[in-house]
1. I need Lys109, Lys321, Lys311 ordered by Cβ neighbour count within 10 Å, fewest first.
2. Sequence-distant or interchain residues sharing an amide H contact under 5 Å with Leu198, placed H: which?
3. Which of the peptides 120-126, 246-252 is most tightly packed, and how do the rest follow, judged by the mean count of other Cβ atoms within 10 Å per residue?
4. With +1 on the Cβ of every Lys and Arg and -1 on the Cβ of every Asp and Glu, and nothing else charged, how large is the dipole of region 59-191 about its Cα centre, in debye rounded to the nearest 20?
5. Using 7 Å Cα-to-Cβ label points, what is the Gln284/Asp123 separation (nm, one decimal)?
6. What list of whole percents do you get for P(r) of region 199-322, with Cα-Cα distances grouped in 5 Å bins up to the one holding the largest distance?
7. Working out 0.36 nm times the residue gap between Ser81 and Lys311, then minus their Cα-Cα distance, what length gain in nm do you get to one decimal?
8. Sort 46-53, 151-158, 191-198 by packing, meaning the average of other beta carbons within 10 Å per residue, with the highest value first.
Amino acid sequence: MSAASLLSTSSRAVARAAQQSNILAAAAAAPAARAFSTSLAANKEVKNVTVFGAGLMGAGIAQVLAHKANINVVLADVTDSALANGKKIISSSLTRVFKKSNPNDDPAKLSEPILARISTTTDAGAAVANADVVIEAIIENVKIKRDLFKFVDGKKKSGAILASNTSSLSVSDIAEAVSDKSTFAGFHAFNPVPQMKLIEVVRTKQTSDESFDTLMELARRMGKVPVACVDSPGFIVNRLLVPYMFEAIRLVERNEATVEDLSDLVGLDTLSHIARGWREQRVQTGEISAESVAESSLLEKLVKEGKLGRKSGAGFYDYSKK
């Protein structure tokens, strides 16, 4: 099975497990119940959501919020060109959705009311002025994320919930930038967001019941299956995926398998970045074994050469060849 297939299969398996079993009830009965949803607190009403980052993840989250949850979305980024590209991503995605679901109708016409619910801005302060929830989907760098949340913390309205879409960083570490850590959590969606059903909702030791339960309900409104996670390395899916991908690469390094057994859908730079972060921070704490994320010379060589996988046109495979 390819790494990309495992990502899809793993996230779907987790989603099915959350649907088919009373996982939250079981968690609530356990001693560590407060790491999961208790459903005792009333959910905060969510009418307006701000999403920072107009790349594939941010645009995908904004699309699903506007389309499936009927929520007003402000999509924010640092340049107008980034925002224009984000709106293009959303428009193209909606066209694909409606061509499949409504083949006899005009996809542009069906997309109009959804796109009308998504506004854009480069003004970060104005972006969060009316937001009930702020979701960050920017570069996977803890300092940059902290800088953003520190700024947002001083501009958001009282009680607004802040969430990071990080896939590998410590949510608690990012939350150090904000004054009220009870309103902070992880909200990790998977790419492509419109298709992938799972969202990992990550609760820190300081996340309040209200904040956590509101995000769980928001994921459901988006048509997703939320799964409760504690703030551990990689949460659930990436904790499984990253060691799997590294072992696949090592099979090639040891000449025990060929590149045809590997996939480039998940960016190799992303894999390298996650593994480096875990080696620098999580191995020392004993949360991750050193062996599972030991540096791969083959992986680093490909990344250095700019061969990042499908998105760059080459990785283990050459995608320019038809």
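1. The fewest-first ordering by Cβ neighbours comes to Lys321, Lys109, Lys311.
2. Val225
3. Put in order of decreasing packing, that is 246-252, 120-126.
4. For region 59-191, the charge dipole is close to 260 debye.
5. 4.2
6. 2, 10, 16, 17, 15, 13, 12, 8, 4, 1, 0
7. Separation in residues times 0.36 nm, less the Cα-Cα distance, equals 80.9 nm.
8. Going by the mean number of other Cβ atoms within 10 Å, highest first, we get 46-53, 191-198, 151-158.
Bear in mind that the values in this text are calculations on the coordinates, not laboratory data. Treat the numbers as computed from the prediction; the structure is a model and nothing was measured. Backbone-built Cβ (ideal geometry, glycine too); neighbour counts: all protein chains shown.
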